[in-house]
Each structure stands twice: as structure tokens, then as C-alpha cells.
Amino acid sequence: MLNFKNYTLKELKKLVVDMELEPYRANQLAYWLYKNPVDSFMDMTNLPKSLRDEFEKSCQLFSLNISDVLQSLDGTKKVLFETDEGDYVESVLIPDGERLTLCVSTQIGCRMGCRFCLTGHQKFKRNLTPAEIVDQVILAQRIGDSRITNIVVMGMGEPLDNYHNVVKALSLITHPDALGYSYRKVTLSTVGLIPELKDLITKGPKVTLSYSLNAPNPEKRRSIMPIENRHPMMEVLRLLAEKTKHWRKPPTFEYVLLRGFNDSVGDAKELARLLKKLRCKVNLIPFNPWEGCPFERPEEKRVLAFQEVLIEAGFSTFIRKSRGQDILAACGQLRWRYKM
Ligand code: SAH
Ligand code: SF4
């Protein structure tokens, strides 16, 4: 079924013209889809009745249904969306002071197979469509107690492995006539698929970048992230150093701390040397456990010692709070399910 949210606004204009409608109908549609989302084409009151009837019969308005909302003790909410085929996709709403961040998924499962990640441990099912990515934002907004201020593309899936759909969704999320989020409030996290990363950096849509480094050298990275064999970190670091030198918001490097594997002071010093010449921020993520995973979370003392080394070396270094652990909503704990 036709879903207008699978089209960028530019494509929507063309589609409308191809349907032999006036071009301004695209603006009216965009208003009801993104600015003031309605539940039925019948509520798009400035469209002629005949057109509303036609859309109601032949088009899909929402690609996902909210199936359940789990609330964590710390205020984090996990939203379970049901797809047309009856699979469940998860997004997470994370309140933090003035901020309300939504973490969106881009695939059902993930093909990257990182050893510390529950999503990567599951079978890959399929890419999400642009409409399914954007609908997570539109529908989660109804559950949030305030306006969603930040969007992080850090849920299930590797966004650059679903490049075209993710680019379309990002264009709708950031376009002033669609959802209108500033690029500074939208962060994409990736393991660094080089051709797609290059393309995104050069052609946009502009977003804030986060690179999942997770190790201080290629050997260690390879042993936990198979992607290192195809998309080496040294090449990604070179690309980021060259292309993001003058960015207002430099990239972030994510580093999952795994006890006894990459969390020593020696590892921190090696990481500081590696990133020496880069303008960047470092986000440390103490491992979030899940059943069956051999890794463990480091003690807080070790995490602080690791952070200290980086701060002393001059890097803005943050420890990501583990939010929503009691409902399996923290980084790396998302998964998908078939309908029972
Ligand atoms: N596929 C993308 C985005 C989703 S994963 C990526 O990997 O960047 C988002 C972040 O969660 C990544 O930085 C990843 O390294 C981290 N992560 C995965 N599993 C984790 C776990 N069990 N504990 C803590 N962080 C984890
Ligand atoms: Fe996929 Fe990211 Fe998990 Fe790796 S960490 S398996 S890329 S979701």
C-alpha cells in the first residue's frame, strides 16, 4: 500500500504531480503527516472530500502500531511497535532534565554480529522502511510527557547497512517542513561502513555522528566486531579526521567498556594516543549485560579511572548512564520478537 512517508518532501511533490494533483497538495499532506499528525486521512480538512476518500481507501497512514509501553523505575520508557507483518520493533524514550531523547531502530535485527550486543546476537530479519523509522518518532511523541528534543539513531540495527531508507528518514526528521529537528539534535551511531559514511558526510542530510570504536587498536576491535575485517577503524579515523575537521559539532567516539578486555588504564592510554590528533568527544558505555553474553560490566572504580586518563589527555569524556536496565532498554539490550 502506498505510504507517503516513504518519500522525501521533494519526492512527495513529484508524486503528487504524477497523480495529476496540484503541487501545493504536497505541502498540505506534509502538514498533516508531520506538523500536526492526524489519525485518518478524513481529518486532513483542507483536502477535498473526494481526495480524502481516495487516500483513505488506497494509502496507509501509519506503518506501525503501538503495541505496548514498558516503564522503567528511572522514567525511561520502552515502546514496542508492531509492524504490518506482526514483528515487534523497539524504541526507547529517555527523559533527562529538560531533555527527552528518543532512540530509534533502523533494522529488525542487525547483520554486524558484534559479540557484546543482544541485537547482533539475533537473526537479521529485514530493513525498516523510511515510514517505519519516521513513525517511531511521530508515535513515540504521543507517549512522551513533553516534546522529544533529541533523536539518536542507536536502536536496533546498523543504520548505514540500511543506507537509502535511513537517509530518507533523516531527511524527513530534519527538514523544516517535515519534523524539523536541527542536525545538532539528531545523532547517528555507526560501526563505520566506509562508502556509506563518506557519502553521508559529503552529501548529507547533515547529522551529528557517533562512531562505535569500542577498542584501542584494530586487533582488539576485530575480536569483538567482525566488521573490522571489512571496514578498518584506522581508515574510518582518517576519513573522520579529514572530513569533520571544521564541523561545529565534532564526532563522538563510543567505547563499550568490557571488564578485563578493554577497560584497563593501559587501554585508556592507548586510546588517548590513538585519538590524539582528532577533534572529538568520547562516550564511555559500561557494558549492559544480557542473558547468555560472556562479557561483564566493569566496576565503577575502573570506569572512573579510565575516564580520568582521557580527561587528563584533554578529551571531553562522558560516561553514558545506563537507563532502563530493568526493562532491557539500555544500549545493546534491544531485541525483536515475532508476535506470539
Ligand atoms: N549499530 C549502531 C547503532 C546501534 S548500537 C552502532 O553499533 O553504532 C548503539 C551503541 O550501543 C553502540 O555504540 C554499541 O557499541 C553499543 N552497545 C551495543 N551493545 C552494548 C551493550 N551490551 N552494552 C553497552 N553498549 C552496547
Ligand atoms: Fe549491530 Fe550496533 Fe549491535 Fe553491532 S552494536 S550488532 S552494529 S546494533
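What follows draws every value from the coordinates through simple rules; no lab data is involved. Note that this is a predicted model, so its numbers are computed, not measured. So basically every Cβ, Gly included, is an ideal-geometry build from the backbone, and we count neighbours across all protein chains shown.
Numbers for the structure displayed
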quantity: Where labels lie 7 Å past Cα in the beta-carbon direction, separation of H164 and S182 in nm; calculated: 3.3
quantity: Projected label distance in nm at E296 and N36, using a 7 Å step from Cα toward the beta-carbon; calculated: 5.8
quantity: Residues of type aspartates and glutamates that K243 reaches as a straight line, Cα spacing below 16 Å, ignoring anything fewer than 8 places off in the same chain; calculated: E196, D199, E235
quantity: Rounded tilt (10° steps) of 265-274 against the dominant C-alpha axis of the chain; calculated: 60
quantity: Shape category assigned to the range 4-58 from the gyration tensor of Cα positions, a/c cut at 1.5; calculated: oblate
quantity: Summed residue charge, Cβ within 9 Å of A241's Cβ, Lys/Arg positive, Asp/Glu negative; calculated: +4
quantity: Highest-MSF residue in the chain out of M225, M154, M42 [GNM, Cα springs under 10 Å]; calculated: M42
quantity: Most mobile listed residue (N36, N262, N127) in the chain, GNM with C-alpha springs under 10 Å; calculated: N36
quantity: Lysines whose Cα lies under 22 Å from that of K301, excluding same-chain neighbours fewer than 8 positions away; calculated: K269, K281, K321
quantity: Descending semi-axes in Å of the range 197-266, equivalent ellipsoid built from Cα gyration tensor; calculated: 25, 14, 10
quantity: 5 angstrom amide H check on V282, placed H, neighbours 5+ away; calculated: F253, S316, T317, F318
quantity: Within-12-Å neighbourhood charge of A215 [Cβ basis; K, R +1; D, E -1]; calculated: -2
quantity: Most mobile of Y31, Y255, Y211 in a GNM of the chain (Cα contacts under 10 Å); calculated: Y31
quantity: GluC sites (Glu not before Pro) lying in DSSP loop within the range 1-103, provided at most 15 other Cβ fall within 10 Å; calculated: E20, E85, E98
quantity: Distance between the range 1-31 and the range 160-206 - C-alpha centres, whole angstrom; calculated: 21
quantity: Dimensionless Rg ratio for the chain, taking C-alpha atoms and the 2.2 N^0.38 Å reference; calculated: 1.03
quantity: Whole-number percent relative contact order across the chain, with pairs defined as alpha carbons under 8 Å at least 6 apart; calculated: 16
quantity: For the chain, share of DSSP beta bridges that run antiparallel, in % to the nearest 5; calculated: 45
quantity: Contour excess over end-to-end distance, with Cα ends at M19 and K249 and 0.36 nm allotted per residue; calculated: 78.7 nm
quantity: Semi-axes of the equivalent ellipsoid for the range 77-225, Cα gyration tensor, largest first, Å; calculated: 24, 18, 16
quantity: Crossing angle, helix 233-243 versus the chain [Cα axis fit, 0-90 degrees, rounded to tens]; calculated: 60
quantity: Net length gained if the chain between L2 and N46 were fully extended (0.36 nm per residue, minus Cα distance); calculated: 13.8 nm
quantity: Angle between the chain longest axis and helix 9-18 axis [Cα atoms, degrees, rounded to 10]; calculated: 30
quantity: Gained length - S223 relative to I319, 0.36 nm times residue gap less alpha-carbon distance; calculated: 32.2 nm
quantity: Cut-off 15 Å (backbone N to label point 7 Å along Cα→Cβ of D74), residues of the range 257-271; calculated: 257
